[in-house]
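Below is one structure; the comments refer to it alone.
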Amino acid sequence: MCGIVGAVAQRDVAEILIEGLKRLEYRGYDSAGVAVIHQGELTRTRRVGKVQELADALQTAPLAGGTGIAHTRWATHGEPSERNAHPHQSGSDIAVVHNGIIENHAKLREMLKGLGYQFNSDTDTEVICHLVDHELKSAPGLLAAVQATVKQLEGAYGTVVIDRRDPERLVVARSGSPLVIGFGLGENFVASDQLALLPVTRTFAFLEEGDVAEVTRREVHIYDLDGNPVVREKKESEITHDAGDKGEYRHYMLKEIYEQPMALARTLEGRIAQQRVLDSAFGDNAAELLKDIKHVQIIACGTSYHAGMAARYWLEDWAGVSCNVEIASEFRYRKSHLFPNSLLVTISQSGETADTLAAMRLAKEMGYKATLTICNAPGSSLVRESDMAYMMKAGAEIGVASTKAFTVQLAGLLMLTAALGRYNSMSVEMQAAIAQSLQSMPAKVEQALGLDDAIAELAEDFADKSHALFLGRGDQYPIAMEGALKLKEISYIHAEAYASGELKHGPLALIDADMPVIVVAPNNELLEKLKSNVEEVRARGGLMYVFADVDAEFASDDTMKVIPVPHCDEFMAPLIYTIPLQLLSYHVALIKGTDVDQPRNLAKSVTVE
Ligand code: F6R
């Protein structure tokens, strides 16, 4: 959600900043800007739209300068426009980029107006620039001014400040929005995500909550919330697959759909031995922390929440532990009951989702026995603050619509089911069956990807539709929900998912020839019940698209198109049935001509509430 890059170097940095922004663009893409200091002057270029607009502007009018900051925006306060794009300035001295939301911006704005400051944007960010400028009147330097400024801010921020009069220094501050410092040779960098800086460095230090840091070409000094100097460990980036380009694929989303067999193989590597899932998959201390767990509370948002919903069926059915699943933004604002021996599991591709992070922090205060995150981002806040981490190793996901992260989350949650099952009521045979199923997933997903052409053809039927209904039962109900979410977010077709037993309690009223109904129907014990639900739709003139096991005995006719899905066992079925639904949403979006990788109004990594 918004991307920040900053650099202080002896060479011109505009190109480094633009490349960094391109790599962060999936986080926000309604406007972008860059400001650099050159020969004592602050110069700024901003453009509405994608980073490419900004890059084109800089082609025409290049910016020289070795100290600079840049930003790609996902609007929160103020419409996407050039005047609201970052960097924001206070006069011609101070420039600021900011991720997050300053909740007390209105009060600060009034105070600053009273001091004579003029506002040129509708953003909350602009108060930071003027506050820094104001504080500089009494502070000994930029660092002290930023330290005094952040004390007055309520809300979330990851921010970088530069001052024309102090041209070789970046001052950065973090509270609620991640920031990382990248170390180069005689040059240093900052960014909201290490991905932005991989072309220039692989050595990073992650700032912690409340940190303020001063970054020059040769030195980095970090101070904690109370202003004490602190050392944040330098780490080499663990990102082995730099996802910076689309390769042969037309979109990142398609590339990431096709990467799933490889991502699954990576996530399994070294985590299964002698036909069982190893506790160490969840961290070195996992055996000790998992063994007494009797209850699991899962917290997540969006797609990650759907993965958690599927896992609830498994944990209760197979592992013999009770499980609740809740959307993070709800969990964090209500009182919930804590059962003894409870494990809190957060699921997050980015590891920085504000609501999930807040829910996890709350759970720690409540006294959960342990916290575990299932996460794809090494070094992210969730990973650093959880007792245990299952690192997904799916490789960076750039497409805003989550695909490979979801299936890898499912695999991780199935492993957790087996691990907890071992300490509870799961038989050795079932543990072995799950281990075997996990190991055959990459090949089975490869087979499911073979449906691509058939689904591309099917997608034509959806191009003129405004609505769609997805149905599933049991652990396929969350898969139907995920299918509906994918379709709506990238093709803008309104889609809803129902547990099919719920149809007759209301949604059946929606059925007519203009409402395609997508059914996920693997061969499980609920198949016969699902078939009855299918008949209920058929009797009302609905048009169905049934993704069914080759043995499920569904036949295509005038009212029903059956898409045979490769036969698979019950443990992997939710994961396998996800693949055709991802492909369906992708092809419908292609036909509709939407921006597949960067759908309107959305952004990756939601670091604001
Ligand atoms: C949908 C999607 C979102 C995310 C959600 C949580 O395709 O990607 O719904 O799943 O914003 O994000 P993470 O997993 O990063 O916490």
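Quick look at the values:
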quantity	calculated
Subset of region 291-311 that is of a type in the set (A, V, I, L, M) and more than 17 Å from the chain's Cα centre (by Cα) - its residue that is farthest from the ligand (Cβ to nearest atom)	I293
Region 356-381, subset buried (at least 23 other Cβ atoms within 10 Å of the Cβ) and closer than 19 Å to R27 by Cβ, residue nearest to the ligand (Cβ to nearest atom)	T356
Flag for K465 being in contact (Cβ under 8 Å) with a residue 24 or more places away in the chain, in a loop (DSSP other than H, G, I, E, B), surrounded by 15 or more Cβ atoms within 10 Å (Cβ to Cβ) and not small (G, A, S)	yes
Filter result (farther than 19 Å from S386 by Cβ and in contact with a Leu (Cβ under 7 Å, 6 or more places away or on another chain)) within region 262-286	L268, I272
Contacts under 7 angstrom Cβ, first residue in region 399-412 being over 14 Å from S605 (Cα atoms) and in a helix (DSSP H, G or I), partner near the ligand (Cβ under 8 Å from one of its atoms) and hydrophobic (A, V, I, L, M, F, W, C), 6 or more apart	Q409/I347
Residues within region 550-609 that are assigned to a strand (DSSP E or B) and either open to solvent by 50 Å² or more (accessible area, probe 1.4 Å) or among the charged types (D, E, K, R) (or both), tallied	3
Residue in region 335-348 that is within 16 Å of the ligand (Cβ to nearest atom), in contact (Cβ under 8 Å) with a residue 12 or more places away in the chain, open to solvent by 20 Å² or more (accessible area, probe 1.4 Å) and not acidic (D, E) present	no
Close pairs (8 angstrom Cβ cut-off, 6 or more residues apart or separate chains): in contact (Cβ under 8 Å) with a residue 24 or more places away in the chain in region 424-441, among the aromatic types (F, W, Y) anywhere	M426/W318; M430/W318; A433/F571; I434/W318; I434/F571; S437/F571; L438/F571
Qualifying residues in region 524-540 (those that are part of a loop (DSSP other than H, G, I, E, B) and modelled with pLDDT under 80) - the one surrounded by the most Cβ atoms within 10 Å (Cβ to Cβ)	L526
Residue check for E168: assigned to a loop (DSSP other than H, G, I, E, B) and of a type outside the set (S, T, N, Q)	yes
Of all residues making up region 184-199, the number that are part of a loop (DSSP other than H, G, I, E, B) and either within 15 Å of L142 (Cβ to Cβ) or open to solvent by less than 40 Å² (accessible area, probe 1.4 Å) (or both)	6
Criterion (open to solvent by 40 Å² or more (accessible area, probe 1.4 Å) and polar (S, T, N, Q)) met by exactly one of Q409, Q431, Q447, Q476	Q447
Candidate set from region 505-523 (those that are more than 21 Å from I455 (Cβ to Cβ) and not in a loop (DSSP other than H, G, I, E, B)); member that is most open to solvent (accessible area, probe 1.4 Å)	H505
Residue check, F547 in contact with a helix residue (DSSP H, G or I) (Cβ under 7 Å, 6 or more places away or on another chain) and outside any helix (DSSP H, G or I)	yes
Elements of type helices (runs of 4 or more DSSP H) contained in region 96-162, each with 3 or more residues being in contact (Cβ under 8 Å) with a residue 40 or more places away in the chain and buried (at least 17 other Cβ atoms within 10 Å of the Cβ)	126-136, 142-150
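The values are calculated or read from the model by the stated rules, or taken from the named source; none is laboratory data. Keep in mind it's a predicted model, so treat the numbers as computed, not measured. All Cβ positions, glycine included, derive from the backbone under ideal geometry; neighbour counts span all protein chains shown. Note: accessible area is taken over every heavy atom of the protein model, side chains too, but ligands, DNA and RNA are not part of it. Shrake-Rupley method; radii C 1.70, N 1.55, O 1.52, S 1.80 Å.
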